[in-house]
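Structure first, commentary second.
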Amino acid sequence: MIDANPILHVGRSIPRADAAEKALGREKFAADHYGENLLWAGVRRAGIPHGRLRSIEADEARRLPGVLAVLTHADVKGSNRQGVIRKDQPVLVDDKIRHCGDALALVVAESRRALTRALSLVGFDHEPLQAVFDPEDALVDSAPRIHEDAADGNVLLAGAVRTGRGAAALDQCDVVAEARFDLPMQEHAYLETEAGRAILNESGVLEIVVSTQTPFRDRAEVAEALGIDAERIRIIAPYCGGAFGGKDGISVQSLLGLAASRFPGRPIKMWWSREESFLSSPKRHAARLYYRLGAMRDGRLHALDVRAYYDTGPYDHLGGVVMALGLEHAGGPYRIANVSLKGWAVYTNNPIGGAFRGFGVPQVTAAMEQMLDRIAEKLELSPLELRLRNAVRQRDKNPVGVTLSTSTGLVDCLKTLETHPAWTTATAWKAAAGPHRMRGVGIACVMHAMGYGPLVPDTANAKIELTPEGRFRIYCGVVDMGQGNISTYLQIAGDILSQDMDHMEPVLPDTEKTLPCGSASASRTTYTFGNALIEAAGLLRQRIIERAAGLLMAPADDKVVLIPGAVRHLPTGRDIPLADLARRLGTAERTATGRFRAPTAKEVVTDDPSLRLHGMAHLLFSYGAHLAGVEIDTLTGRVDVCRYLAVTDCGRLINPQLFEQQIHGGIAQGLGYALYEQFIADKGRILTPDLTTYIIPSALDVPEMMSVAIEQPEHTGPFGLKGAGEIAVDGPLPAVANAVADACGRPFHTFPLTAERVLDSLSREKQDGGYRR
Amino acid sequence: MRPVHLPRTFDQLWDTMKKSPDAALFAGGTDLLVLMRIGRIDPPALICLERIDALKGVSSDDGRVSIGAASTHTELMSDPIVLQHFPVLAKSLRSLGSPHIRNMGTIGGNIMTASPAGDTLPSLYVLDAVLELRGREGVREVPIQSFIKGPGATAIGPGEILTRIFVPEKPRYGLHHYEKVGLRKALACAVLSFTAVLDLADGGRVRAARMAWGSAGPTVVTCPGAEAALVGERLTGGALAAAAERARAAVTPITDVRASTAYRKTLAGNLVLRLADYADRHWEGNDVDGI
Amino acid sequence: MKISFILNGEKTTLEAAPDCRVVDLLREQLQLTGTKEACGSGECGACTIRIDGQTRLSCLLLAAQLEGRIVQTIEGLASGDRLHPVQEAFVAAGAIQCGFCTPGMALTAADLIEHGRAGSVKEIREGISGNLCRCTGYQKIVEAVQLAVEKTGKAPQR
C-alpha cells in the first residue's frame, strides 16, 4: 500500500488524456494509416453457408490492370488455422465453406477501384452441402457436421454444474415457473470497422498496425497461421474506434500479413466496408434458454433448472468461453441451494458467435430476471422484495457454489434503488399515462465476473520509465478501445508519483515496446494492469526517492518526497528537477516493472477440466440493480424508455466520469439489444447487412440515464476498484422486459421487443378479453 | 472516372443532356450515390442540378405556391410560406432521415426516387400537388397522383426534368396531422406513415378530410371511403373506427425486414385513431395548426 | 479536373477525379484523416463536414461539387492548437470515448450552436440525431453541447 502520500488524482473526474487529440481529429486510428505507394487488399467471401470448396477461378481477376495478386490457401505456408482455444478458422478456406462470410481469396491491387472490380471477378466452384441453422437441430445425430474432425458432433463445448439435489428439488417447491427464451444475435456496430496496414520492412519484420484488442495474442496467431517466426512480427494497436469484443481475435491481421509478405517493402491496407464487417465478424451469440425456477412460499428461491443453447456459428471464436460464463451466471446473484445448469455451445452455419461485451451473461440475465418476476407474481411479492430476500451477501455461495469472499454489494444496490425517486414515484408515474399509452416499471439485478477463470492466467506486466526529460512514460499493454483505461493508468501512476497529468505520457500497446498484458476484455483491463502498474510505480517512486536522498546527502529518505516535476527535501526545501535526476540514472535504474496475476476461485465447482479451462468459475464479481420505466404506445406497440436507473457496485471509483461513461454506453447497447437491434439471418444469409436495416439507437432513442455507484472497496483491486466495462449491458433487456410486462400484463420471450411484437401481443391480449395486471 | 457536370442554366442542362444522354441526374445525391456505391447503377456520367437557380426558391403566385424541385428539405422545413400554408409538409420533413440528409436531399429527388416510403409524397398527395416537367421543347404539368406509377417509376419523359412543385393554396385546412412509424426516431425508413389534413367547423365537426398512407402499397395510398366516414362527424370513437377499418382494407403493404403486412395493415387503421387526440381541441374558425 | 475551393480558411486548388467522393479526397489525397467513414451510405454521420456553413455528409458528396464552396472539416474547427469551445466542452464533459464519431459530432454541435439550435435537450438530441455513437449513449455529448453554449454565451434563437 502507498504511504502518507496525498491522493492527487484517484477518485477525481479528471478529463481523459486522449480526449483532446480525438476532439481535434488528430488521433490516428488503424483506419487512418495509409502510406506511399499503398496497395489495397480485399477478400472474396463465400456468400453461401455450407459447401465443399472445389476450385477458385481467379485468372480473369489477375489479368485486370492494377491487380497484383490473387492469393488462396495454396499461398498460406503455416497452419492456415486461427482461434484462441480451438484453432478451427482458416485464413483462407482450404476445405469447406462454413458460413457466408468465409474468406476464399485475397486480392491485392493498386487502387480500391481495381480491388472492387477484381473481387467481383473471382469465382469459385463448390459442392453444396446441407446446412444447419438452429443449435438444437445441430445437436441431432443426423445433422450436417460443421467440423468433421470435432470430437463431439456439432458440440464445441458442453458443460454442466449441479448443486444440492439439482432439478429434483423443484418437486419440493411451493411455486414453479417455467419458460423458454429466445435471444437474438447482436452486432457490435463499432464505428471504426476492421482495419489495418501492414508492411514487411527492410529488417524483415512484418509490421502490422491494426484495430485489435489483443496485439500479443494476434502476433502468436499470425505466426502460427502463416508460418512466420513470431519474433519477426510486430503488432501495433492504436486506440480502437470501438470494439466491444468484436476485435477480440483475428480479423485482418493474417490476411494483411499474407499480402505484405508477398510484396516486401510495400505498405498494404485493408479496411472492411460496413457490409463486410457485418458479414464476417463475430456477433453476440443467439441463445435459446429453457428455465424452470422454483420457490417456497416464504420467498426463498429453492431450485433452478436451466438448459442453455448458444449458437456459436462455424468457429470456436471463444464460443465455449462465452457459454461457460453464461452458465456460471445462469442463476444470477441469488442464493439457490439446488441447481442443475446445462449448457451447449453449438456449431451451426450461421454467422460466427463470438465475444461481445457481456459475453454470454446478457442472455441468461434476460431469462433469470424475468423468471424472478414470474415467481414474484405467483407469490404476490413485489419484484424488489423477492430479490432482496434472495440476493447474495458476502460469504454466501452463489448458484454454482463459489463462496463470495470478495466484495459483494448487491444488497446495497437494491436498497439504494428502493429509496430512489425512480422507484418511489413509480406508482404515481404509471398512473399519469396519457391517451393511448400504458406505463410500467421493471427492475433487474445484474452480476458480472471479472477475469479468465481458474486456469488461464490473468496476468499483466507494467513498465514505467522516468525519461531523460523528467517525464514518466507508462508502457501500456492493454488496448484502449474507448473505455479510457490508458487514461486511468496515467491517473494511477500520476497519483503514486505525485505528478500532474502533463508529466505523464502513455506508450500504446506495441509488441515491440510494451510488455504482454492480456486482452482488453473480461472487465479486467484496469483491475489487472492497474495492480501491476501500482507495483511498478511504487518501485520507481522508492528508487527515485532513495537516489535523490543520496544526491542530497540527506540522512533519512522519508523526508524526501516527489512533487510535480521534481523531488523535494522537506527539511531544507531543496528541489531536484526530475530531468536532472534522470540524467544521473542509468537506463535500467530509470525503469521499473511490475507484474500482477489476478486471484482465482479456490472452490472447484466442476470436475470437467475443459469447463474449468473455459473459465468455470470466477472469484470477483461486480453487481448492480437496474430500473426501467417504459411507456407503450397502444396504437403502434412502440416502447419508449422514459426513465433508466443503474445502481452499481464496482468497488471504489478511480475516475467517476470514466465509470459513468462505461455505464451509459453499456445501458445504450443494452437498450438496443432490448428494443431495436433485430439481427435477421435467413438460412445463414444476413438480411440486415448494414446500418440502414440493422437499427442501433440514435440520440432520440436513448433516454436520460441515471447512474449511482455504491463505493464498497474491493481490497484486491487497484485503489479498491472492480471491473465496470461490461456489467451495464446485462441489465437493460430484462429491466425493460419486466417493465413492459408490468405495463401490459404479459411477459415476452422473444427479443428484441420491436413495436410489432408488442402490438401483436397486445392485440392477442385484447382478444383474450382484457389486460391482466 | 466519370465526368460530373454542374450546369447553371436550363440551356446548359439541355446541352449536357444531349451530349450525355445516359448521364444520371441528381441534386442532393442521397439516393443516387447510395445506389451507385452498392453497384445497383453504374452511369457513365453524372449531372448535378444543385447550381440551377431556377430550381430553387418558394413563392406564392396566383393562388398556388411554387416550390423549386431542388429545394432541400431543410430549406422547406423553415420556409415561411410552407409553414404558413402547409405545415403538414414541414411536419413530414422533420422525420425524414437526419439533419444532414435534410441539408442535402431535395423534394424533387424524393419525388423522382418515388419510393413507396417517400416522406414528402403523402403530403403532396393530400394537398393535390401538381408537378412541372420541363424539357428543351417545352413545359407541362402533371398531378402528382398520375405522375408516380410505382416503386421507382414515374411518368417523366425522355429529356425532361422535374422543375417545380405547385401546391394550391385552397382549400385551406385547419388541422395538419402527420405521424411516421419507424424502427427508431431518426434515420428511419417509414414502416408506415399517416398524413391527414382536415377542415373543421366550429365545434369540431369535419367539413372536409384528405388522408394518405405511406409505405402502405407500391405508391401512396388514399382512401376516399375513410375520408367520407369522417365528414360530418366529430373526431371520436365511432367515426374514427369506421375510417380506420376502411383504411385497413384499402392498404396493400408488403412484408420486408422491417415489418410484416399484418402489422402495417393494423397500423394503417390505428394511426387514424390517433386523431382522437385532437377531439378536445377548441376549434374556432379554420386556424391552421402550426408546428 | 481542377477544383478550387476554400478549405478550413485557405484557398485550395487541386486536381481530382470529379466523381471522387469528398471523404476520400479529404482522407487520401489531402491526408486529412480527421473526417471518418463508418458506413458509406449516409446513415451514421461520421463523415460530417460543413459546406457553406451547413453540415453535409462527405461520403455522399463528389469532388466536383466542392467548386467555389467554403469547406470546413474537423481540422478547421480549432484555431491552431487552441480548441474550439465545443471541443473543450467535449473534453471537459467526458463526451469522448473511442473518439471515432467525435469529429462529425463536434462539427455538428458547433453548427447547432452557431445557428441557435441548441437551446434545449430536445433540440440538441434532434440536432445530433444524424450522428450515431456506439460508446457514449449520447448523454455526455448533450451535456457537452450545453456546456459549450454556456461557454460561448450563445442564446437560443428560437
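The values are calculated or read from the model by the stated rules, or taken from the named source; none is laboratory data. Owing to the predicted nature of the structure, the values given are computational and were not obtained by experimental measurement. Neighbour counts run over all protein chains shown; Cβ positions are idealised from the backbone, glycine included. Note: areas computed on protein heavy atoms with side chains; ligands, DNA, RNA excluded. Shrake-Rupley method; radii C 1.70, N 1.55, O 1.52, S 1.80 Å.
Can you give me the % of accessible surface on the range A:1-96 that is carbon or sulfur? Probe 1.4 Å, all protein chains present, nothing else counted.
50
Could you work out the helix-only [θ] at 222 nm for chain B, with each DSSP H run of four or more residues adding -39,500 (n - 2.57) and the total divided by the number of residues, to the nearest 500 deg cm²/dmol?
Values: 12 runs with 92 residues, N = 291.
Using -39500 (n - 2.57) per qualifying helix, the result is -8500 deg cm²/dmol.
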| Global size of the range B:175-285 as Cα Rg and Dmax, reported in angstrom | 13.9, 45
| field | Per-residue mean of C-beta atoms belonging to partner chains within 10 Å, peptide B:100-107 | value | 6
| request: For the protein assembly as shown, give the magnitude of the charge dipole about the Cα centre (Cβ charges: +1 Lys/Arg, -1 Asp/Glu; no others), in debye to the nearest 20. | output: 420
| query | In nm, to one decimal, how far is the modelled label at A:ASP502 from the one at B:PHE10, with both set 7 Å along Cα→Cβ? | reply | 6.4
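For the range A:25-115, state the average projected area of the convex hull of the C-alpha atoms over all orientations, rounded to one decimal in nm².
On the way: hull surface 33.3 nm².
Over all viewing directions, the range A:25-115 projects a mean Cα-hull area of 8.3 nm².
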| note | Placing +1 on each Lys and Arg Cβ and -1 on each Asp and Glu Cβ in the range A:104-224, then taking the dipole about the Cα centre, the residue among A:VAL122, A:VAL108, A:PHE181 whose Cα reaches farthest towards the positive end is A:VAL108
| task | List the residues whose amide H sits under 5 Å from the amide H of A:VAL567, counting only those 5 or more places along or on another chain, with H placed 1.01 Å from N in the peptide plane. | result | A:ILE576, A:LEU578
| query | To the nearest 0.05, how large is the calculated FRET efficiency for A:ARG165 and A:VAL140 if R₀ is 35 Å and r is the Cβ-Cβ distance? | reply | 0.70
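Determine the dipole magnitude for the range A:44-99: charges of +1 sit on the beta-carbon of Lys and Arg, -1 on that of Asp and Glu, nothing else is charged, the reference point is the Cα centre, and the result goes in debye to the nearest 20.
Result for the range A:44-99 is approximately 240 debye, rounded to the nearest 20.
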| task | Step through the residues of the range A:334-345 one at a time and calculate ³J(HN,Hα) from phi using the Karplus curve (6.51 cos²θ - 1.76 cosθ + 1.60, θ = phi - 60°), rounding each to whole Hz and writing x for Gly and Pro. | result | 10, 8, 9, 6, 10, 10, 10, 10, 10, x, 9, 9
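Residue by residue through B:260-267, how many Cβ atoms from other chains fall within 10 Å of the Cβ on average?
Numbers: counts 2, 0, 4, 9, 1, 0, 7, 6.
Mean shielding count: 4.
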| message | Which entries of A:LYS430/B:LYS91; A:LYS22/C:LYS36; A:LYS22/A:LYS463; A:LYS87/A:LYS513 have Cα-Cα distances beyond 23 Å here? | response | A:LYS430/B:LYS91; A:LYS22/A:LYS463; A:LYS87/A:LYS513
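Find the relative contact order for the range B:25-182 and round it to a whole percent, using C-alpha pairs within less than 8 Å whose residues are 6+ positions apart. If you can, show how the numbers build up before the last one.
Details: 257 pairs, mean separation 38.6, N = 158.
Dividing the mean separation by the residue count of the range B:25-182 yields 24 percent.
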| said: Between B:ARG207 and A:ARG437, what is the label-point separation in nm under the 7 Å Cα-to-beta-carbon projection? | reply: 3.3
| message | Inside 10 Å of the C-beta atoms of A:185-193, what's the mean count of C-beta atoms belonging to other chains? | response | 5
| said: Out of the total accessible area of the range C:2-76 (probe 1.4 Å, heavy atoms of protein only), what percent is carbon and sulfur? | reply: 47
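Over the range A:127-263, give the accessible area per residue in Å² for a 1.4 Å probe, as an integer.
Value for the range A:127-263: 35 Å² per residue.
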| request: Assuming R0 = 35 Å, can you tell me the calculated FRET efficiency for the pair A:ARG389 and A:ASP607, based on Cβ-Cβ distance, to the nearest 0.05? | output: 0.65
| For the range A:171-215, fraction of C-alpha pairs farther apart than 17 Å, in % | 66
| request: Sum -39500 (n - 2.57) across every DSSP H segment of at least 4 residues in chain A, then divide by the residue count to get the 222 nm mean residue ellipticity, nearest 500. | output: -8000 deg cm²/dmol
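What's the Cα-based Rg to Rh of the protein assembly as shown, Rh via Kirkwood?
Working: Rg = 31.1 Å, Rh = 32.0 Å.
Over the Cα atoms of the protein assembly as shown, Rg/Rh equals 0.97.
With viscosity set to 0.890 mPa s and temperature to 25 °C, compute the Stokes-Einstein D of chain B, Rh being the Kirkwood radius across alpha carbon pairs; µm²/s, no decimals.
On the way: Rh = 19.7 Å.
It comes out at roughly 125 µm²/s.
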| request: Compute the separation of the alpha-carbon centres of the range B:67-89 and the range A:426-473 and state it in Å as a whole number. | output: 45
| query | What's the FRET efficiency of A:SER405 with C:GLN29 using the Cβ-Cβ distance as r and R₀ = 56 Å, to the nearest 0.05? | reply | 0.40
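Can you give the accessible area buried between chains A and C, summed over both chains, with a 1.4 Å probe, in Å² to the nearest 100?
Chains A and C together bury roughly 4100 Å² of accessible area.
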| remark: For chain C, the longest principal axis of the Cα atoms and the Cα long axis of helix C:139-152 enclose an angle in degrees, to the nearest 10, of 90
| query | Per 10 Å bin, what percent of the C-alpha pairs of the range A:655-756 does each bin hold, from zero upward? | reply | 13, 36, 30, 16, 5
| message | Need one word for chain C: rounded, prolate or oblate. Basis is the Cα gyration tensor (sqrt eigenvalues a ≥ b ≥ c); a/c below 1.5 gives rounded, then a/b vs b/c decides. | response | prolate
| note | Sequence order, the range B:150-160: Karplus ³J(HN,Hα) from phi using 6.51 cos²θ - 1.76 cosθ + 1.60, θ = phi - 60°, Hz rounded, Gly and Pro as x, gives x, x, x, 10, 10, 8, 5, x, x, x, 9
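Starting from the exponent 0.38 and prefactor 2.2 Å, build the expected Rg for the range C:2-76 from its residue count and divide its actual Cα Rg by it.
On the way: Rg = 10.9 Å, N = 75, 2.2 N^0.38 = 11.3 Å.
The value comes to 0.96.
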| So how far apart, in nm, are the two label points at A:ALA579 and A:THR419 if each is 7 Å from Cα heading toward Cβ? | 5.3
| request: Only counting protein heavy atoms at a 1.4 Å probe, give the residues of the range C:24-45, ordered by number, whose accessible area falls by 30 Å² or more when the other protein chains are present relative to the chain alone. | output: C:ARG27, C:GLU28, C:THR33, C:LYS36, C:GLU37, C:ALA38, C:CYS39, C:SER41, C:GLU43
| task | Taking amide H positions as placed in the peptide plane 1.01 Å from N, state which residues far from A:VAL132 in sequence (5 or more) or on other chains have amide H under 5 Å from it. | result | A:ASN349
| said: Place a point 7 Å from Cα of C:ASN8 in the direction of its Cβ. Which residues in the range C:87-127 have their backbone N less than 19 Å from it? | reply: C:87-91, C:99-111
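Of the listed peptides A:274-281, A:240-247, what is their order by residue-averaged count of other C-beta atoms within 10 Å, with the highest listed first?
A:240-247, A:274-281
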| message | Output wanted: per-residue J couplings in Hz (rounded whole) for the range A:641-656, from phi through Karplus 6.51 cos²θ - 1.76 cosθ + 1.60, θ = phi - 60°, x for Gly and Pro. | response | 8, 9, 9, 8, 10, 10, 9, 10, 9, 10, x, 7, 9, 7, 9, x
| Residue (of B:THR163, B:TYR173, B:ALA186) at the positive-pole extreme of the range B:158-198, dipole from beta-carbon charges | B:ALA186
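Treating the beta-carbon of each Lys and Arg as +1 and of each Asp and Glu as -1, no other charges, what is the dipole magnitude of the range C:2-76 about its Cα centre, to the nearest 20 debye?
It comes to approximately 140 debye.
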| In Å², nearest 100, what accessible area do chains A and B bury in total when the solvent probe is 1.4 Å? | 2000
| request: Run down the lysines and flag those whose C-alpha is under 22 Å from the C-alpha of A:LYS683, throwing out any fewer than 8 positions away in its chain. | output: A:LYS96, A:LYS283
| request: Excluding residues on the same chain fewer than 8 positions from A:LYS602, give the lysines whose Cα lies under 27 Å from its Cα. | output: A:LYS342, A:LYS397, A:LYS722
